[in-house]
Amino acid sequence: MPEANWTPITRVENIPPLEGRAVQTGGIELALFNLGDRFAAIENACPHRGGPLCDGIVSGAIVVCPLHGWRFDLATGMAARAPQPACVATFPARVENGIVFVDLKGGRRMASEQDALEGAA
Amino acid sequence: MKKLVVVGNGMAGVACVEQILKRSRDFEITIFGEETHVNYNRILLSSVLAGEKSADDIVLNRVEWYRDNGIRARLGVRVEQIDRQRRVAIADDGAAEPFDQLILATGSSAFLPPIQGVNKENVHVFRTLDDTRELIAKACEGTRAVVIGGGLLGLEAARGLQLRGCEVTVVHLMETLMERQLDPAGGAFLKRKIESLGIRVLMPRQTQAILGNGRVHGLRFASGEEIEADLVVVAAGIKPNVELAKRAGLEVRRGIVVNDYMETSDPAIYAVGECTEHRGQIFGLVAPLMEQGKVLADAIAGQRGLLFEGAQPAAKLKIMGVEIFSAGSIDEAEPGVEVVRYEDPAEGVYKKLLVKNNRLRGVILVGDASDERRYTQWLREETDLAQSRRHLLFPPPEKDAGLEVAQMPDKEVICGCNGVTKGEIIQAIHEHGIKTFDDLKQRTRASSSCGSCKGLCQQLLRAVAPDFQEETRTTLCSCLPFSYEQLRQIVRGQRLKSVQEVLNVYGNRKGCEVCKPALSYMLDMIWCGEHDEDRSARFINDRVHANIQKDGTFSVVPRMRGGVTSPEELRRIADVAEKYKVRMVKVTGSQRIDLLGIKKADLPRVWADLGMPSGQAYTKGVRMVKTCVGTEFCRFGVQDSTAAGIELERRLENLFTPHKVKMGAVGCPRNCAEATVKDIGMVGQDGSWQVVVGGAAGKSVRKADLLITVETTEEALDACELFFQYYRENANYLERTYDFVERLGIEAIRKETVYAPEAQKNALRERLRRSKGMAKDAWLERDAPVHPTQFAAIEVLGQDRPVEVQ
């Protein structure tokens, strides 16, 4: 495992509850979500047609892509009920002193549902 | 032909007769029913009380069924005596019905605990359709209703009364709600949920007396505490109806004693249903009763095969939106029992499994019963769980729902209540050409009792029936199992003002991309804009007031009323297009101009530079009124359609609608601005206007229906407004006017709008006026964003070095 790179991203109040915002950092674009009791960070591009996932409606722990309705689990990055297997990278996120930190080196892309299960366990 | 008399016309008795008819036609059958109704689904009485279903919706066997099967039904007639010597049943109307064999299906009745004053006016039980009707008549907005009994029936009564607007209190003798099915922790989860719905729960409370002079005005508990009440429902349990059997000298303990063939102590007399006692057990849930019916049918038809060997207690139900499943033995104190438990208070989910020797003994699920089939199977087959101990509480990874039913073996039972297998359903679909769920229910009886297998049945239909027709009366989505009409009533009745409130109380808390925007619309419409707006529940277009494009940029369409613009506006549009390097400037089909490829962060400045209001081209709302030049310039024009169209747009702009509303106004019947294929159209004639509605020229093409012909422009605008508001209030979300008009019929719509009584029209006008008073140009949020980062990009605090994804 590479060393963690916890990067302060933004103050928690900059992202309203159950919404997401795009964040450009380290050459990639993240979608950062405020889930009420926690934050979640994923890659901000739907593998289907590149839709901005930060603009999707949040349904529990799932975000729905605003372009064609693909659904991604914010914890694992796996697409749910998609026509073919797909996933986006997820990044660990935590809150400290009112600031959301994302581990920019902790990005992970699940290869399969099996990985998703092990990752969640 | 043998004479068969059935005493009791309820679910168990009639289901048993259906089974007998399948096996033999050698019987001349007479059914006595004390109630005056044909056989209906008693389990769904709570839905009738709640107003979700009508009495007719819950009928299981219509009059034709009795007639077509040659069954004599004696409804409203009570059998008083059975003369076993002479083999005659004597009814209260004096009839003496001879029989060769007789089935007792007398059911059960409400147990009335020894409470003083229990026969006062406005004290009811909740057992029959007539009880339900009386309750409906008494339950009004603001009635203080007390339900005695916190079991299944009591809670269902409480929910129904609350949906009718009553202030409801549940009084329970025990310390745990539904203590037969739940443990204290599970009961506490349910209590929290019920209280969050606004129902008061008092327990443990022993009711001592019902107070009031002739009519109820309160209750006194054993502790001396008193509460006020206008209406009392006693739901403290049921007791088997055994008096007739007792008088006939049959063996009776708590219920009518039957053996494994459902025979009573007299071999010519059988019993089935809630009146029976088998191996010391009595029954209150439907599945074992259906099983009994089959065993009895085999026996009486002389094919003694099946044995009734009792039943695992199992109950699956949904109470006030909370799924509950309880099966097997839930006694934690049993030696050797291990408990596996999961609790998530935020989600309201509680799961508890009781395991002994690696076999499942019992299960309690609250808030999420999606795994119920797995547990039922483990219980029934006594599956060895040694290998799956790590996966007891959570299902295997999400599967395609269609796959689940596809993978079931043909002999797997889909409807547990009626014992219908997958194979039988598929065979029936092919044999009878079944196309609808209702037809499937009728033909196979699957899903006709508790209804919990409805989803599986529908999946099978979708997979197998070549031209399956979905039900028209559907629910909004699986997050929120209510129809639009029910939800509108709930939102009004419970005065709910935010999407999250509705989801917390009546849904799964989460919501999704389907129900959240629909609820957002509904709340805005019902409260005329005075709701609690929650932008996280809106689609991105309605968060930033622009239309998202395939590359994540947005399109901007300013309002250009009636399609009329000016050189100054055009100059500003041109300047904006250059300044923001707009990739395409496009004249739309709606007589306005679209600026495409604008970044989210630029939106507020683009709007400010344009200095024009939002054209709402991104939302389910008022789009535009397309016009022709009318009498202003046209040689043929007979009405000033341009001015009328601009006025119509001005009156309705900034309002939201179930789906987009595109309008048109034309100055003569040549119809150059295509008003007859618009949602609302004004068609000018010499000396009058025709107002037409429900037109379409998009995915569907439909000529609009004539709503009314009027003389003045003001009358025409008024007619447009009446229809507009009526559509706003009564259409389902995402239902275009052309579907709405076809669904309701133009005649019905005329009666509710332009030909409605003046008071009704004034009410529509008043609600439209209030909504319009709250409606604002959304683009003004450029100066007062609802959130500091509504449009702005997030500035990252930390360092900005390249990263790699593993």
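The values are calculated or read from the model by the stated rules, or taken from the named source; none is laboratory data. Note that the coordinates shown come from a computational prediction; the quantities given were computed from them, not determined experimentally. In this analysis, Cβ positions are derived from the backbone assuming ideal geometry, glycine residues included, and neighbour counts consider all displayed protein chains.
Structure data summary
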{"read-out": "Which listed residue, of B:Arg380, B:Arg304, is of a type in the set (D, E, K, R) and without any contact (Cβ under 8 Å) to a residue 60 or more places away in the chain", "value": "B:Arg304"}
{"read-out": "1 or more residues more than 30 Å from B:Met525 (Cα to Cα) and either modelled with pLDDT of 95 or more or of a type in the set (Val, Ile, Thr) (or both): qualifying strands (runs of 3 or more DSSP E) within the range B:563-656", "value": "B:584-587, B:593-598"}
{"read-out": "Per-region count, the range B:105-148, residues touching a strand residue (DSSP E or B) at 6+ places or on another chain (Cβ under 8 Å), part of a helix (DSSP H, G or I) and of a type in the set (D, E, K, R)", "value": "3"}
{"read-out": "Top-ranked residue in the range B:498-543 [being β-branched (Val, Ile, Thr) and away from every other protein chain (no Cβ under 12 Å); ranked as nearest to A:Pro17 (Cα to Cα)]", "value": "B:Val502"}
{"read-out": "Elements of type strands (runs of 3 or more DSSP E) contained in the range B:321-375, each with 2 or more residues being surrounded by 16 or more Cβ atoms within 10 Å (Cβ to Cβ) and either within 14 Å of chain A (Cβ to nearest Cβ) or of a type in the set (Phe, Trp, Tyr) (or both)", "value": "B:349-356"}
{"read-out": "Residue ID - surrounded by the fewest Cβ atoms within 10 Å (Cβ to Cβ), chosen from residues in the range A:65-111 that are among the basic types (Lys, Arg) and touching a residue at least 12 places away in the same chain (Cβ under 8 Å)", "value": "A:Arg94"}
{"read-out": "Residue under evaluation B:Trp65, criteria (1) in contact with a helix residue (DSSP H, G or I) (Cβ under 8 Å, 6 or more places away or on another chain); (2) at pLDDT below 95, criterion not met", "value": "(1)"}
{"read-out": "Filter result for A:Ala41 (assigned to a strand (DSSP E or B) and either within 9 Å of chain B (Cβ to nearest Cβ) or touching a residue at least 12 places away in the same chain (Cβ under 8 Å) (or both))", "value": "yes"}
{"read-out": "Qualifying positions in the range A:1-24 - without any contact (Cβ under 8 Å) to a residue 60 or more places away in the chain and assigned to a loop (DSSP other than H, G, I, E, B)", "value": "A:Met1, A:Pro16, A:Pro17, A:Leu18, A:Glu19"}
{"read-out": "Count of the range B:438-454 residues which are surrounded by fewer than 20 Cβ atoms within 10 Å (Cβ to Cβ), not in a loop (DSSP other than H, G, I, E, B) and not basic (Lys, Arg)", "value": "3"}
{"read-out": "Which listed residue is in contact with a Phe, Trp or Tyr (Cβ under 8 Å, 6 or more places away or on another chain) and among the charged types (D, E, K, R), from B:Lys2, B:Lys22, B:Lys53", "value": "B:Lys2"}
{"read-out": "Residue tally, condition surrounded by fewer than 21 Cβ atoms within 10 Å (Cβ to Cβ) and part of a loop (DSSP other than H, G, I, E, B), over the range B:499-518", "value": "3"}
{"read-out": "Looking only at the range B:165-219, and only at residues there that are part of a strand (DSSP E or B) and β-branched (Val, Ile, Thr), the one that is farthest from B:Tyr506 (Cα to Cα)", "value": "B:Ile210"}
{"read-out": "Subset of the range A:6-31 (residues that are farther than 14 Å from B:Glu795 by Cβ, touching a strand residue (DSSP E or B) at 6+ places or on another chain (Cβ under 9 Å) and within 7 Å of chain B (Cβ to nearest Cβ))", "value": "A:Pro16, A:Pro17, A:Leu18, A:Glu19, A:Gly26, A:Ile28"}
{"read-out": "Tally, over the range B:744-796, of residues that are among the aromatic types (Phe, Trp, Tyr) and within 26 Å of B:Asp534 (Cα to Cα)", "value": "2"}
{"read-out": "Residue match in the range B:464-487 (condition: in contact (Cβ under 8 Å) with a residue 40 or more places away in the chain and part of a helix (DSSP H, G or I))", "value": "yes"}
{"read-out": "Residue in the range A:82-92 that is more than 9 Å from chain B (Cβ to nearest Cβ), more than 25 Å from B:Ala601 (Cα to Cα), of a type in the set (A, V, I, L, M) and touching a His at 6+ places or on another chain (Cβ under 8 Å) present", "value": "yes"}
{"read-out": "Residue under evaluation B:Glu715, criteria (1) surrounded by 19 or more Cβ atoms within 10 Å (Cβ to Cβ); (2) more than 20 Å from B:Thr619 (Cβ to Cβ); (3) more than 32 Å from the chain's Cα centre (by Cα), criterion not met", "value": "(1)"}
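Residue-by-condition table, conditions (1) crowded, with 16+ Cβ neighbours inside 10 Å; (2) in contact with a Leu (Cβ under 7 Å, 6 or more places away or on another chain); (3) farther than 21 Å from B:Tyr727 by Cβ:
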site: B:Ala756; (1), (2), (3): yes, no, no
site: B:Ala763; (1), (2), (3): no, no, no
site: B:Gly773; (1), (2), (3): no, no, no
site: B:Glu781; (1), (2), (3): yes, no, yes
site: B:Ala784; (1), (2), (3): no, no, yes
site: B:His787; (1), (2), (3): yes, no, yes
